[in-house]
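Visitor: So that we are looking at the same thing, I have put the structure below in structure tokens.
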Amino acid sequence: MDLVNPVVRRLLIEASEDPDAFWARAATEIAWSRPWEKVFEYDPPTFRWFVGGETNLAWNALDRHALAGRGGQAALVALNERGEQRVMTYSQLRREVQRAAAALRALGVGRGDRVTIYMPTCAEAIIAMLATVRIGAIHSVVFAGFGAGALGDRIRSSSR
């Protein structure tokens, strides 16, 4: 008995037979401001995906949905440890991300900068991550609860 869904099985086979074609096809499902020239480049010990391409994942996650008429649909459902539920629509989440991105810019954060986000798992952590991506900065997420040493290690690692 095969426990893998047939659709997933087909995707796994396609991905293993021709990974570049598989990921190129998958990447056409998001908007690109500049198309890539090469899907994958491996030069040990580094690698790069979608070489030469440019996209904004925050725009793809929020703006395109809000602008396509889905602004009133749920984009984020957050549950806290007390079992309380908070639902944010694409439009609401987009607005909060825009506000957080503006705050980061006002602090001098820009494209290529590194931001460590040290927060509990909550809607605001998602907002902070999307805001960082929106302005082109790089984020490292450390969920609250890590000690000072572990936090320091992660901040130092992200600044290399």
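The values are calculated or read from the model by the stated rules, or taken from the named source; none is laboratory data. Source: prediction; values computed, not measured. No Cβ is skipped: glycine too gets one built from the backbone with ideal geometry, and neighbour counts run over all protein chains shown.
Visitor: Looking at the range 54-77, which of its residues are buried (at least 16 other Cβ atoms within 10 Å of the Cβ) and in contact with a helix residue (DSSP H, G or I) (Cβ under 8 Å, 6 or more places away or on another chain)? Outline the logic, then answer.
Guide: Step one: of the range 54-77, the residues buried (at least 16 other Cβ atoms within 10 Å of the Cβ) are 55-56, 58-59, 61-63, 65-66, 71, 75-76.
56, 58, 59, 61, 62, 63, 65, 66, 71, 75, 76 - these are the residues of the range 54-77 that are buried (at least 16 other Cβ atoms within 10 Å of the Cβ) and in contact with a helix residue (DSSP H, G or I) (Cβ under 8 Å, 6 or more places away or on another chain).
Visitor: A follow-up question, please. Can you say whether residue 90 is in the same structural domain as residue 63 (by TED's automatic domain parsing), touching a strand residue (DSSP E or B) at 6+ places or on another chain (Cβ under 6 Å), closer than 26 Å to residue 73 by Cα and not hydrophobic (A, V, I, L, M, F, W, C), as far as the supplied structure shows? Full working, then the answer.
Guide: Values: in the same structural domain as residue 63 (by TED's automatic domain parsing): yes; touching a strand residue (DSSP E or B) at 6+ places or on another chain (Cβ under 6 Å): yes; closer than 26 Å to residue 73 by Cα: yes; not hydrophobic (A, V, I, L, M, F, W, C): yes.
Spelling it out, residue 90 is indeed in the same structural domain as residue 63 (by TED's automatic domain parsing), touching a strand residue (DSSP E or B) at 6+ places or on another chain (Cβ under 6 Å), closer than 26 Å to residue 73 by Cα and not hydrophobic (A, V, I, L, M, F, W, C).
Visitor: Next up: Can you tell me how many residues within the range 41-57 are modelled with pLDDT of 95 or more and farther than 24 Å from residue 135 by Cα?
Guide: Result for the range 41-57: 1.
Visitor: In the range 90-124, what residues are surrounded by 11 or more Cβ atoms within 10 Å (Cβ to Cβ), small (Gly, Ala, Ser) and outside any helix (DSSP H, G or I)?
Guide: 110
Visitor: Go through (1) closer than 23 Å to residue 33 by Cα; (2) exposed (fewer than 15 other Cβ atoms within 10 Å of the Cβ) for residue 134 and report which single condition fails.
Guide: Every condition holds for residue 134 apart from (2).
Visitor: Which count do you get for residues in the range 20-51 that are assigned to a loop (DSSP other than H, G, I, E, B) and within 19 Å of the chain's Cα centre (by Cα)? Let's see the steps before the verdict.
Guide: Start the filter on the range 20-51 by keeping residues that are assigned to a loop (DSSP other than H, G, I, E, B), which leaves 28-33, 35-37, 44-45.
Imposing the further condition that a residue be within 19 Å of the chain's Cα centre (by Cα) reduces the set to 28-33, 35-36.
Count: 8.
Visitor: Look through 37, 81, 96 and report the one residue that is of a type outside the set (Phe, Trp, Tyr) and touching a strand residue (DSSP E or B) at 6+ places or on another chain (Cβ under 6 Å). Don't jump to the end; show me each part of the working.
Guide: On the way: 81 fails: touching a strand residue (DSSP E or B) at 6+ places or on another chain (Cβ under 6 Å); 96 fails: touching a strand residue (DSSP E or B) at 6+ places or on another chain (Cβ under 6 Å).
So the residue among 37, 81, 96 that is of a type outside the set (Phe, Trp, Tyr) and touching a strand residue (DSSP E or B) at 6+ places or on another chain (Cβ under 6 Å) is 37.
Visitor: Ok, one more. Which of the following residues is β-branched (Val, Ile, Thr) and touching a residue at least 60 places away in the same chain (Cβ under 8 Å): 133, 142, 109? Let's see the steps before the verdict.
Guide: Numbers: 142 fails: touching a residue at least 60 places away in the same chain (Cβ under 8 Å); 109 fails: touching a residue at least 60 places away in the same chain (Cβ under 8 Å).
Every option except 133 fails the conditions.
Visitor: Scan the range 148-155 and tell me whether some residue there is on the phi < 0 side of the Ramachandran plot and outside any helix (DSSP H, G or I). Write out each step before concluding.
Guide: Let us first name the residues in the range 148-155 that are on the phi < 0 side of the Ramachandran plot, namely 148-155.
From the residues that got through so far, the ones that are outside any helix (DSSP H, G or I) too are none.
Within the range 148-155, not a single residue is on the phi < 0 side of the Ramachandran plot and outside any helix (DSSP H, G or I).
Visitor: Can you find even one residue in the range 73-89 that is under 17 Å from the mean Cα position of the chain (by Cα), assigned to a loop (DSSP other than H, G, I, E, B) and modelled with pLDDT under 95?
Guide: No, every residue in the range 73-89 fails to be under 17 Å from the mean Cα position of the chain (by Cα), assigned to a loop (DSSP other than H, G, I, E, B) and modelled with pLDDT under 95.
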